[in-house]
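The values are calculated or read from the model by the stated rules, or taken from the named source; none is laboratory data. The structure presented is a predicted model; accordingly, all values stated were derived computationally and were not measured. All Cβ positions, even for glycine, are placed from backbone atoms using ideal geometry, and neighbour counts span all protein chains on display. Quick note on the areas: whole protein, heavy atoms, side chains included, nothing else; ligands and nucleic acids left out. Shrake-Rupley method; radii C 1.70, N 1.55, O 1.52, S 1.80 Å.
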Amino acid sequence: MTVLSRENFMSEKNARKKQISDLTCFGGSQIFTEPKSTSNLVQPDFDSFLHYSKQFFDQHRYTNNGPLVKLLEKRLAEFHNAKFCITFCSGFWGLVLAMTSLALKGKVEIIMPSLTYRRMADVAAWAGLKPRFCEVEPNSLSMTAETVEPCINNETALILAVHPIVNCCDIEGIVSLGVEHSIPVLFDSVESVYESSSIGKVGKFGNAECFSMHASKLLNGFEGGYVTTNNEELAHRLALLRGFSFEGQDNCVIPGGLNAKLNEIHAAMALANLDEIDLQIANNRKRYRWYQAGLSGISGIRLLEFDESCSTSYKNIVVEFLDDWPLKRDETVLVLNAENILARAYYYPPLHHKNMSYPHIPVSLKTTDFLSCRFMLLPCGDFVSCGDIDKIIQLLGFIYSHGFEIANCIAETAVKIS
Ligand SMILES: *Cc1c(COP(=O)(O)O)cnc(C)c1O
């Protein structure tokens with residue numbers, strides 16, 4: 001017999017919704033007392049983190065290209081089969097500096113998807129570039145050579161090829177399009193650290209690739225980012241730019257430098273996590289399989305499957321609501337969030353609908369508009385157990401079978417409030 005703690009016992013009880021008044025949003029009790037999030041939040045072995053940290057601490061080297069940053073860059077370059085790796089204090093500043101370095105001089109437009117990372121247009125603004133948002137392909141939710149090509153014009157300075165949350169974008173197609181039009185290609189590979197495509201491991205494609213080590217991402221360095229490239233000149237330039245463009249003492253050799261260095265304790269955390277990455281992937285795979293089995297029994301919802309013909313992280317759980325799902329996506333998110341299941345809309349609103357004070361090109365994107373209301377991320381990562389997944393799936397099953405009742409009740413509540 002398994003003995004349940006009081007908290008688990010209550011959680012089991014609260015997960016068994018019998019009528020819609022049992023839902024927390026209508027006055028019932030929450031399934032989870034602790035939030036279940038879509039962030040990874042993986043922790044390495046503490047002694048391993050301390051072991052790395054002791055090295056920089058003993059040497060009194062805290063930042064400015066210290067021993068652990070150098071080791072991490074070497075390890076990551078090997079991991080991605082790329083010649084060079086340059087670390088940064090965040091993925092954001094890695095992206096900005098890669099953009100300013102790669103953008104064609106005298107041109108201002110950057111092609112990027114609209115259905116993507118919510119702060120991507122700000123990144124472009126810091127790089128002095130104007131986003132021209134492109135469509136994505138409905139099956140992969142990712143940009144392809146076909147969706148990028150119509151956006152190319154005389155003002156195009158750069159193509160930002162962003163990998164979607166599940167699987168990769170059309171790497172080969174976009175790289176050859178860039179070559180054909182002599183436009184540089186920068187990959188945002190934040191969501192594809194562990195992925196491969198049929199032409200090899202992510203990290204060496206296009207002119208450069210950018211990654212994040214934010215705590216919510218696959219490789220947790222608390223905060224941090226890195227760029228991989230096979231171009232030595234670019235690698236040298238990025239290493240200068242992140243450290244005030246100083247060469248020697250106080251000698252700024254190129255304009256546009258800032259302080260975007262990674263420090264040693266962040267590198268220690270990232271190294272300890274990198275050592276355990278295969279274990280993390282095994283845990284992710286287990287959770288993914290659990291979701292896959294559970295969700296297959298529920299109508300109206302489709303799990304975005306990982307392409308297992310290549311290496312993949314199994315990290316994010318993304319579902320699509322099909323036409324027979326009884327609630328709107330956002331209503332479903334509301335019901336789940338009330339239970340402390342911090343499900344999130346997939347990249348909503350798309351960037352072309354955001355209020356932007358900085359320059360961009362207004363566009364209408366029908367496919368993106370349609371897709372932006374259909375997808376949702378479910379909890380994943382270290383704080384989600386298979387038992388938690390069972391409860392989440394049980395709740396989704398309840399929502400499906402009581403959907404019309406729930407929708408009516410939400411509508412009535414909205415009327416009462418207004
Ligand atoms: C998180 C994220 C970034 C930014 O990374 P930070 O390290 O948080 O600055 C960029 N692109 C994508 C796709 C992201 O998810």
| request: Could you list all residues from the stretch 82-96 that are open to solvent by 40 Å² or more (accessible area, probe 1.4 Å) and assigned to a helix (DSSP H, G or I)? | output: 92, 93
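Restricting the search to the stretch 55-81, which residues are assigned to a loop (DSSP other than H, G, I, E, B) and open to solvent by 30 Å² or more (accessible area, probe 1.4 Å)?
Restricting attention to the stretch 55-81, the residues satisfying the condition of being assigned to a loop (DSSP other than H, G, I, E, B) are 60-66, 80-81.
Those that are assigned to a loop (DSSP other than H, G, I, E, B) and open to solvent by 30 Å² or more (accessible area, probe 1.4 Å): 60, 61, 62, 63, 64, 65, 81.
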| Selected residue [on the phi < 0 side of the Ramachandran plot, at pLDDT 95 or above and open to solvent by 20 Å² or more (accessible area, probe 1.4 Å)] from 329, 374 | 374
| request: Only one of these is out of contact with any strand residue (DSSP E or B) (no Cβ under 7 Å at 6 or more places or on another chain), within 16 Å of the ligand (Cβ to nearest atom), open to solvent by less than 10 Å² (accessible area, probe 1.4 Å) and within 28 Å of residue 42 (Cβ to Cβ): 192, 216, 140. Name it. | output: 192
| Candidate set from the stretch 20-32 (those that are assigned to a loop (DSSP other than H, G, I, E, B) and out of contact with any Ser or Thr (no Cβ under 7 Å at 6 or more places or on another chain)); member that is surrounded by the fewest Cβ atoms within 10 Å (Cβ to Cβ) | 29
| field | Selection within the stretch 219-251 - of a type in the set (Gly, Ala, Ser) and either closer than 11 Å to residue 84 by Cα or open to solvent by less than 10 Å² (accessible area, probe 1.4 Å) (or both) | value | 221, 224, 225, 235, 239, 245
| field | Residue check for residue 268: open to solvent by less than 10 Å² (accessible area, probe 1.4 Å), in contact with a Lys or Arg (Cβ under 6 Å, 6 or more places away or on another chain) and either within 30 Å of residue 60 (Cβ to Cβ) or hydrophobic (A, V, I, L, M, F, W, C) (or both) | value | no
| task | Kindly indicate whether residue 17 is among the basic types (Lys, Arg) and either in the same structural domain as residue 221 (by TED's automatic domain parsing) or assigned to a helix (DSSP H, G or I) (or both). | result | no
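Which residues, taken from the stretch 114-126, are more than 9 Å from the ligand (Cβ to nearest atom) and crowded, with 23+ Cβ neighbours inside 10 Å?
Applying the first criterion (more than 9 Å from the ligand (Cβ to nearest atom)) to the stretch 114-126 yields 114-115, 121-122, 124-126.
Selection gives 114, 115, 121, 124.
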| Residue among 303, 295, 234, 238 that is within 16 Å of the ligand (Cβ to nearest atom) and in contact (Cβ under 8 Å) with a residue 12 or more places away in the chain | 238
| Can you find a residue in the stretch 76-99 that is of a type in the set (Ser, Thr, Tyr) and either more than 13 Å from the ligand (Cβ to nearest atom) or not assigned by TED's automatic domain parsing to the domain that holds residue 268 (or both)? | no
| request: Run residue 343 past the list (1) under 19 Å from residue 300 (Cα atoms); (2) surrounded by 14 or more Cβ atoms within 10 Å (Cβ to Cβ); (3) out of contact with any Leu (no Cβ under 6 Å at 6 or more places or on another chain) and report the number of the one that doesn't hold. | output: (3)
| message | Suppose the filter is in the same structural domain as residue 113 (by TED's automatic domain parsing), within 14 Å of the ligand (Cβ to nearest atom) and not polar (S, T, N, Q); does residue 202 pass it? | response | yes
| query | Yes or no: residue 254 open to solvent by less than 50 Å² (accessible area, probe 1.4 Å), more than 11 Å from the ligand (Cβ to nearest atom) and closer than 19 Å to residue 127 by Cβ? | reply | yes
| Residue list for the stretch 143-176, restricted to those being part of a helix (DSSP H, G or I), open to solvent by 10 Å² or more (accessible area, probe 1.4 Å) and closer than 24 Å to residue 359 by Cβ | 147, 149, 150, 151
